[in-house]
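A short worksheet on the structure shown next.
Read the figures in this text as sums done on the coordinates, not as results from a lab. What you see is a predicted model, and the numbers here were worked out from it, not measured in a lab. Virtual Cβ from ideal backbone geometry, glycine too; neighbours counted across all protein chains shown.
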């Protein structure tokens, strides 16, 4: 279990000036990025960057929401809503009423499967990673404890395992990154 504190994340401005990203964690191999988890602050309407070869899951964690304009759909995301899309999909964000913060999971879909699950309110949940699974918890609001470790808003736990306790009003996101099985080679 590794705790990454919100205060230790370094902000990096976007090239287009439309926001800021704080990378939480990443894993690469000899072919490049396997997965990346980051926080973004979207400050104005604008296009998303192209991330060829990756799948993305964006979850709004603060603000009044946004609309993601895509070629075949335009989902509206409010707080704790998620949207999955290919990294090559042309996406333009339209803010509903001011800046938005979101949690982004990007992963190489030929190798990995990823999912996010919002958790709200007073709850106790066992974090038990399966074979080949990286389990991550990101605390959104109020705080939480995992195996007795106190977690504040914005803190993230990598390789989460044990009992997660959310107090009343608590919010967190459970992130799962799983290695896809390798298909057998036909003889």
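Report the relative contact order of the stretch 21-85, percent, no decimals, based on alpha-carbon pairs under 8 angstrom and at least 6 residues apart.
Values: 76 pairs, mean separation 15.4, N = 65.
The value is 24 percent.
With label points built 7 Å along Cα→Cβ from the Cα atoms of residue 33 and residue 64, find their separation and express it in nm.
Simple spin-label model gives 3.0 nm for this pair.
If R0 is 30 Å, what FRET efficiency do you get for residue 25 and residue 45 from their C-beta distance, rounded to 0.05? Before the final figure, lay out each step's value.
Working: r = 28 Å, r/R0 = 0.94.
Given R0 = 30 Å and the Cβ-Cβ separation, E is 0.60.
Taking square-rooted eigenvalues a ≥ b ≥ c of the alpha carbon gyration tensor, is the stretch 112-179 rounded, prolate or oblate, where a/c under 1.5 means rounded and, failing that, a/b exceeding b/c means prolate?
Numbers: a/c = 2.02, a/b = 1.71, b/c = 1.18.
It comes out prolate by the Cα gyration axes.
Show me the ranking of peptides 54-62, 77-85 by mean Cβ neighbours inside 10 Å, starting with the highest. Before the final figure, lay out each step's value.
On the way: 54-62: 21.7, 77-85: 16.9.
Result, highest mean first: 54-62, 77-85.
Quote the relative contact order of the stretch 112-179 in percent (integer), defining contacts as alpha-carbon pairs under 8 Å separated by 6+ residues. Mind showing how you got there, number by number?
Details: 176 pairs, mean separation 33.8, N = 68.
In percent, rounded to a whole number, it is 50.
Find how many whole Å separate the alpha carbon centroid of the stretch 8-73 from the alpha carbon centroid of the stretch 150-178.
With the stretch 150-178 and the stretch 8-73 each reduced to a Cα centre, they are spaced 20 Å.
List the relative contact order of the chain as a percent without decimals, with contacts defined as Cα pairs under 8 Å and 6+ residues apart.
Working: 475 pairs, mean separation 40.3, N = 187.
Relative contact order for the chain comes out at 22 percent.
Which of the peptides 100-107, 21-28 is most tightly packed, and how do the rest follow, judged by the mean count of other Cβ atoms within 10 Å per residue?
Values: 100-107: 22.6, 21-28: 15.6.
Output ranking for 100-107, 21-28: 100-107, 21-28.
Which of the peptides 30-39, 5-14 is most tightly packed, and how do the rest follow, judged by the mean count of other Cβ atoms within 10 Å per residue?
Values: 30-39: 16.1, 5-14: 12.1.
The packing order, highest mean first, is 30-39, 5-14.
What's the FRET efficiency of residue 14 with residue 124 using the Cβ-Cβ distance as r and R₀ = 35 Å, to the nearest 0.05? Let's see the in-between values first.
Numbers: r = 38 Å, r/R0 = 1.09.
Once rounded, the FRET efficiency stands at 0.40.
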